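The structure under discussion appears below in the form of structure tokens.
Coordinate-derived values only; no laboratory data. Everything numeric in this text was worked out from a predicted model, so none of it was measured. Cβ coordinates were reconstructed from backbone atoms using ideal geometry, including for glycine residues, and neighbour counts include every protein chain displayed.
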Amino acid sequence: MDLRQLRYFVAVAEELSFTAAARRLNISQPPLSMQIRALEDALGARLFERAHRSIALTEAGRVFLEQARLTLSQMAHAVQLAQLADRGEAGLLRIAFTGSVPLVPGFARLIKTFRAERPLARLEIAHMPTGQQLQALEERRIDIGLLRPAPQFQPPGHLHFTPFWKDELRVAMSGDHPLAARKGRISVKELARYPLILFPREISCGLHDQIIQLFNAAGLVPQVAQEAREGTTIVGLVAAGVGISLLPDTYARQQAEGVHYAQLEPGVANCPLLLAHWKTGHSDLVRRFVKLARTIIAA
């Protein structure tokens, strides 16, 4: 049984005439009759009642006609989707992002613009720590990663990394903290006197490692008082005076009540977000999303 036989059957069933169906299909009648017989043999069921000058669908034929039409319609739809995907107009795009990415100015517009330009494309967007994103990229379980790698990160040669957002670290503290009244930038040495709240390394390896290295480079060991898995939890603990934190500037834009943000001394605060994807073998959807990101996100 093949799709050609299904098309032949539907034509005969709709015309209720082998002659008219053959004319519609632009073939001669004998091979059409042979294909219908072959289809009935394959099914083990009669699809037509044949009289001297007329034919009619059997009950099996009526049931099979409904499913044959559905199958042909689904196949036509599959062919159309494949052609659209080949042109970058349809298909699946899997994007993963680290915690602060949705707070980046322009991120919402990027997603909305992509959806508007590619209405037939399906987006899967998932929150995923940087380490897991790198593994998912290696295994091709995601197409694009929006991540913040550790300062010593060595990019694999088969992955392409491009700047996504120029973030920088800010000191987050409660409004009544002694450092809140300070004018100007704050040094890492000054921070070492106060308890620190961090993301766990398994949640944000890049940010965690960068903060530890900031202190180590100054010959200091941070007083890590607590770790929290969510940025909003860290901000809440800071507001409650549990400790200070170092957070990307994207969090400072949220202006949480009771939290004061200050700048770090120059040269130590950069914590950029990167966009990562495979250098080869990616779809037109990936290329279009990357192009849009470069246009909309002012990295």
- [ ] Provide Rg and Dmax in Å for the chain, with only Cα atoms included in the calculation.
- [x] 31.2, 102
Task: Percent of beta bridges antiparallel (DSSP, the chain, rounded to nearest 5) - done: 55 percent
Task: Residue range of the chain that is longest and free of trypsin sites (Lys or Arg not before Pro) which are both DSSP loop and sparsely packed (at most 16 other C-beta within 10 Å) - done: 88-139
Open item on the list: As an exercise, use a Förster radius of 22 Å and the Cβ-Cβ distance of A240 and K183 to find the FRET efficiency, rounded to the nearest 0.05.
Closed with: 0.30
- [ ] Work the Kirkwood hydrodynamic radius out for the stretch 117-223: mean of 1/r over every pair of different alpha-carbon atoms, inverted, in Å.
- [x] 16.7 Å
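In Å, the Kirkwood hydrodynamic radius of the stretch 3-87 over pairs of distinct alpha carbons?
Answer for the stretch 3-87: a Kirkwood hydrodynamic radius of 13.6 Å.
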Open item on the list: Quick check on the exposure proxy: order D284, D2 from fewest to most C-beta atoms within 10 angstrom.
Closed with: D2, D284
Open item on the list: If I stretch the segment between A126 and T295 completely, what's the gain in nm (0.36 nm per residue apart, minus their alpha carbon distance), one decimal?
Closed with: 58.6 nm
Task: Evaluated over the stretch 87-154, the Cα radius of gyration and Dmax, each in Å - done: 13.0, 40
- [ ] Report Rg(Cα)/(2.2 N^0.38 Å) for the stretch 57-193, keeping two decimals.
- [x] 1.75
- [ ] Give me the Kirkwood hydrodynamic radius of the stretch 168-270, using the inverse of the mean 1/r over all pairs of distinct Cα atoms, in Å to one decimal.
- [x] 13.4 Å
- [ ] Pairs of lysines 8 or more apart, or on different chains, with alpha carbons under 25 Å: count those in the chain, would you?
- [x] 7
TODO: Averaging sequence separations of C-alpha pairs under 8 Å and six or more residues apart, then dividing by the length of the chain, give the relative contact order as a whole percent.
DONE: 21 percent
TODO: For each of W165, W278, count neighbouring Cβ atoms within 10 Å of the residue's Cβ, then give the residues from fewest to most.
DONE: W278, W165
Open item on the list: Once you keep just the Cα pairs under 8 angstrom separated by 6 or more residues, what percentage relative contact order results for the stretch 195-299?
Closed with: 26 percent
Open item on the list: Quick check: pseudo-label points 7 Å beyond the Cα along Cα→Cβ at A60 and R287, how many nm apart are they?
Closed with: 5.1 nm
